[in-house]
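Working notes, structure below.
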DNA sequence: GGAACTCGCCAC
DNA sequence: AAACGTGGCGAGTTCC
């Protein structure tokens, strides 16, 4: 529901936005149908081989004898019964409904080699049955036409379906290559991706205006995640060019900073940091454990700093969390409290882009929704402007997709220089000019594929 | 035989 | 006091 003085502008954003997105839907993304069909077949062979291998193991025989009906090795329910009721493995992790979990994390923890076969099969099946078969089912004359919705997400973000273009694998290299190798530019064209850099952090800063955060997001040489890695892991001379330290920086970013922004708390962060990212065991630590560092391993380093167990580490992270919110970013904390109090008083919150969120919201919801929503609106505004530009100048480049803070274009190579300059101009200059509430610089990262190359072959693009 | 649910997992 | 936000989707399972 939109009911505020800026509702006309807010309305126009969604009106123009959905039209621009509909034009992208109509354009579509080129699919290599032959490749997908071939790959699905070869994946099927691999999956069958792995399943055959699994069925020969003692583990499987035991499972089979333990039950009366026929086994479905892909049934979480059956696996849960076998692992926790028959084999009586102690439940370390439960599902939301309280059953013993059988997800990746739970199975890895058990250290049963046969389960690794099952995990491999799961991954390959997902590639085949979710992504490749989805592409094939949805393609028309060699093009997929993902939908982009503006009316389904509570935070005012978009969603995508038929097929979902916003969850194609990227982090896992094998899955990324297989899935993204299916998607091509038009003949003679090249795929270009433009991503806002740290968009949600920048937009959050426009709400809370914490001076330390303003410095972090305004100074390209500063490095919040590096600083947090240095503090969390107690590194004297931190240098993100050192590969081992870069890993710690990734851990700090994805295992502490972002979860804290979303409202997580230190206990979860500590376990994820140490056991997930750092590969340390739960309980007491011994020398030589965990990921390697320039000298020794993570456990060696932490033990030398008097942190000898997950409990010690959790206490340490508790201190880091307190420092993070009370010393490093106190104005951010004040804003969170003020913002939530305001919601409790009025029953709604207002986004910087003029939209309202109301209804029952938790504290975390109140703090996250306006950031997610306004950040996506920056993307949508850019998308609309690019769509107008491409149509008014009758360019051959096409807008073909969008993933929350990034835009995918199918670029006519002769227009590449012009398009990338315009993307830069629109995102970094025009947008903050029009929306005065954007008080920190915005920046955009671009990556590109060679002419006629698929999406899996993306490289960094330096346009300046 | 389909609707609704749970679980697991992909993205940002 | 509470304790990570938003989606889509496939497969298995249960309910009617």
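Residues in the range A:73-93 that are within 12 Å of DNA strand C (Cβ to nearest atom) and either more than 20 Å from residue A:108 (Cβ to Cβ) or surrounded by fewer than 13 Cβ atoms within 10 Å (Cβ to Cβ) (or both): A:74, A:75, A:77. Within the range A:42-72, being touching a residue at least 24 places away in the same chain (Cβ under 8 Å), within 16 Å of DNA strand C (Cβ to nearest atom) and under 17 Å from residue A:89 (Cβ atoms) holds for one residue alone: A:60. When residue A:389 is tested against the conditions (1) crowded, with 17+ Cβ neighbours inside 10 Å; (2) within 11 Å of DNA strand C (Cβ to nearest atom); (3) not in a loop (DSSP other than H, G, I, E, B), the lone failure is (2). Do you know which residues across the range A:257-296 are on the phi > 0 side of the Ramachandran plot and assigned to a helix (DSSP H, G or I)? Listed by number, the list is empty, since nothing qualifies. Within the range A:231-256, the set of residues being in a helix (DSSP H, G or I) and more than 16 Å from DNA strand B (Cβ to nearest atom) comprises A:231, A:232, A:243, A:244, A:245, A:246, A:247, A:248, A:249, A:251, A:252.
Taking the condition in contact (Cβ under 8 Å) with a residue 40 or more places away in the chain and either part of a loop (DSSP other than H, G, I, E, B) or over 23 Å from the mean Cα position of the chain (by Cα) (or both), does residue A:421 pass? Step through it out loud before you land on a result.
Values: in contact (Cβ under 8 Å) with a residue 40 or more places away in the chain: yes; either part of a loop (DSSP other than H, G, I, E, B) or over 23 Å from the mean Cα position of the chain (by Cα) (or both): yes.
Criteria met by residue A:421.
A Cβ distance below 9 Å, combined with a sequence gap of six or more or placement on separate chains, defines the contacts here; from the range A:234-256, residues that are at positive phi reach residues that are part of a loop (DSSP other than H, G, I, E, B) in the pairs A:234/A:305; A:234/A:307.
For the range A:201-215, which residues satisfy the criterion of being under 19 Å from the mean Cα position of the chain (by Cα) and buried (at least 20 other Cβ atoms within 10 Å of the Cβ)? Even if it seems obvious, please write down each step before you answer.
To start, the set of residues in the range A:201-215 that are under 19 Å from the mean Cα position of the chain (by Cα) comprises A:201-204.
If the condition is that a residue be under 19 Å from the mean Cα position of the chain (by Cα) and buried (at least 20 other Cβ atoms within 10 Å of the Cβ), then A:202, A:203, A:204 are the ones that fit.
Hey, any hits in the range A:11-28 for a residue that's more than 31 Å from the chain's Cα centre (by Cα) and not in a helix (DSSP H, G or I)?
If we filter the range A:11-28 for residues that are more than 31 Å from the chain's Cα centre (by Cα), which is where we start, we get none.
No, there is no match, as no residue in the range A:11-28 is more than 31 Å from the chain's Cα centre (by Cα) and not in a helix (DSSP H, G or I).
Among the residues of the range A:424-440 satisfying the criterion of being assigned to a loop (DSSP other than H, G, I, E, B) and either without any contact (Cβ under 8 Å) to a residue 24 or more places away in the chain or out of contact with any helix residue (DSSP H, G or I) (no Cβ under 6 Å at 6 or more places or on another chain) (or both), which is nearest to residue A:29 (Cα to Cα)?
Step one: of the range A:424-440, the residues assigned to a loop (DSSP other than H, G, I, E, B) are A:435-440.
In the following step, the residues that additionally are either without any contact (Cβ under 8 Å) to a residue 24 or more places away in the chain or out of contact with any helix residue (DSSP H, G or I) (no Cβ under 6 Å at 6 or more places or on another chain) (or both) were identified as A:435-436.
Values: A:435: 31, A:436: 35 Å.
So, considering only residues that are assigned to a loop (DSSP other than H, G, I, E, B) and either without any contact (Cβ under 8 Å) to a residue 24 or more places away in the chain or out of contact with any helix residue (DSSP H, G or I) (no Cβ under 6 Å at 6 or more places or on another chain) (or both), the one nearest to residue A:29 (Cα to Cα) is A:435.
Across the range A:132-144, not a single residue is classified as modelled with pLDDT under 90 and within 15 Å of DNA strand B (Cβ to nearest atom).
The values are calculated or read from the model by the stated rules, or taken from the named source; none is laboratory data. What you are looking at is a predicted structure, and each value in this text was computed from that prediction instead of being measured. Reconstructed Cβ throughout: ideal geometry from the backbone, glycine too, with neighbour counts over all protein chains shown.
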